[in-house]
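The values are calculated or read from the model by the stated rules, or taken from the named source; none is laboratory data. Fair warning: this is a prediction, and the values are worked out from it, not measured in the lab. Note: ideal-geometry Cβ built from the backbone for every residue, glycine included; neighbour counts use all protein chains shown. All accessible areas refer to the heavy atoms of the entire protein, side chains included, with ligands and DNA or RNA removed. Shrake-Rupley method; radii C 1.70, N 1.55, O 1.52, S 1.80 Å.
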Amino acid sequence: SQQGEEDPQALSIQEGENATMNCSYKTSINNLQWYRQNSGRGLVHLILIRSNEREKHSGRLRVTLDTSKKSSSLLITASRAADTASYFCATVGGETSGSRLTFGEGTQLTVNP
Amino acid sequence: DTEVTQTPKHLVMGMTNKKSLKCEQHMGHRAMYWYKQKAKKPPELMFVYSYEKLSINESVPSRFSPECPNSSLLNLHLHALQPEDSALYLCASSQQGNQPQHFGDGTRLSIL
């Protein structure tokens, strides 16, 4: 079963605007990762944030993690049409979880030119 | 270009056929995974092969069977599949279980 929930399920914005996606989870984690999936393709890893980190940046991406609320957000700044894709958060649990990824339901982002 | 190669890209088979999906990585990763993904849903883990040990998602039916001939190859053997098994099958690899995974582009499987 998937422990992650993401909102919104779908997001449509104009090029140049910022896009924010949220992810919630239920159990303790080792780290949380964000992936992008273009239509008909495999997933591409974007960024990993460890449980002892609160914020991380990579280019136009900014990820925050709040372990007290069991939530994370992904911000894409100055969006481009090429950012159109599905975005998934995935958690890696503690030692008893076998270090497996548990994916959220995903957010479908559409960036209109 | 993806560093994880999956073949074939598309496969159409009848319910009585036997076929295999292949996955190869040359990154020296010690863990490889098979996922099943239905349209507009997240990937669901089927199998993990990590440090020469196989872990199975207990909900996966026995008509799917993984095989790991060596550390860079992971096959998925298919037999007597059902129409509900039609999906995108993704292979991934990682250096360790808690590290980022590298995905192939998948095999689109259709069961007639």
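Just to be sure, is B:C68 part of a strand (DSSP E or B), of a type outside the set (D, E, K, R) and within 14 Å of another protein chain (Cβ to nearest Cβ)? Before the answer, list the steps.
Details: part of a strand (DSSP E or B): yes; of a type outside the set (D, E, K, R): yes; within 14 Å of another protein chain (Cβ to nearest Cβ): no.
Criteria not met by B:C68.
Just the residues that are of a type in the set (V, I, T) and either more than 18 Å from B:P43 (Cβ to Cβ) or open to solvent by less than 50 Å² (accessible area, probe 1.4 Å) (or both), please, taken from segment A:22-59.
Matches in segment A:22-59: A:T27, A:I29, A:I47, A:I49.
Would you point out the residue of segment B:25-51, among those that are closer than 16 Å to A:R100 by Cα and of a type in the set (D, E, K, R), that is surrounded by the most Cβ atoms within 10 Å (Cβ to Cβ)?
Once the filter is applied, the top-ranked residue is B:K36.
If B:K53 passes every condition in (1) more than 30 Å from A:A10 (Cα to Cα); (2) more than 13 Å from the chain's Cα centre (by Cα); (3) touching a residue at least 40 places away in the same chain (Cβ under 8 Å) but one, which one does it miss?
(3)
If you scan segment A:10-42, which residues turn out to be outside any strand (DSSP E or B), polar (S, T, N, Q) and more than 18 Å from A:T102 (Cβ to Cβ)? Before the answer, list the steps.
Start the filter on segment A:10-42 by keeping residues that are outside any strand (DSSP E or B), which leaves A:15-18, A:25-30, A:38-42.
From what's left, polar (S, T, N, Q): A:18, A:27-28, A:30, A:38-39.
Across segment A:10-42, the qualifying residues are A:N18, A:N38, A:S39.
Specify which of the listed residues (B:L109, B:L90, B:L54) is open to solvent by less than 20 Å² (accessible area, probe 1.4 Å) and more than 11 Å from chain A (Cβ to nearest Cβ). Break it down into steps so the answer makes sense when it comes.
Numbers: B:L90 fails: more than 11 Å from chain A (Cβ to nearest Cβ); B:L54 fails: open to solvent by less than 20 Å² (accessible area, probe 1.4 Å).
Answer to the check: B:L109.
Return yes when A:S79 is more than 25 Å from B:K9 (Cα to Cα), assigned to a loop (DSSP other than H, G, I, E, B) and open to solvent by less than 10 Å² (accessible area, probe 1.4 Å) and no when it is not. Lay out the reasoning, then the answer.
Working: more than 25 Å from B:K9 (Cα to Cα): yes; assigned to a loop (DSSP other than H, G, I, E, B): yes; open to solvent by less than 10 Å² (accessible area, probe 1.4 Å): yes.
Yes: the conditions hold for A:S79.
Do we have A:E5 as open to solvent by 50 Å² or more (accessible area, probe 1.4 Å) and not in a loop (DSSP other than H, G, I, E, B) here?
On the way: open to solvent by 50 Å² or more (accessible area, probe 1.4 Å): yes; not in a loop (DSSP other than H, G, I, E, B): yes.
Judged against the criteria, A:E5 is a match.
Among the residues of segment B:1-23, count how many are part of a strand (DSSP E or B) and open to solvent by 70 Å² or more (accessible area, probe 1.4 Å). Write out each step before concluding.
In the first step, residues of segment B:1-23 are kept if they are part of a strand (DSSP E or B); the result is B:4-7, B:10-13, B:18-23.
Okay, now just the ones that are also open to solvent by 70 Å² or more (accessible area, probe 1.4 Å), so B:5, B:10, B:12, B:18-19, B:22.
Matching residues across segment B:1-23 total 6.
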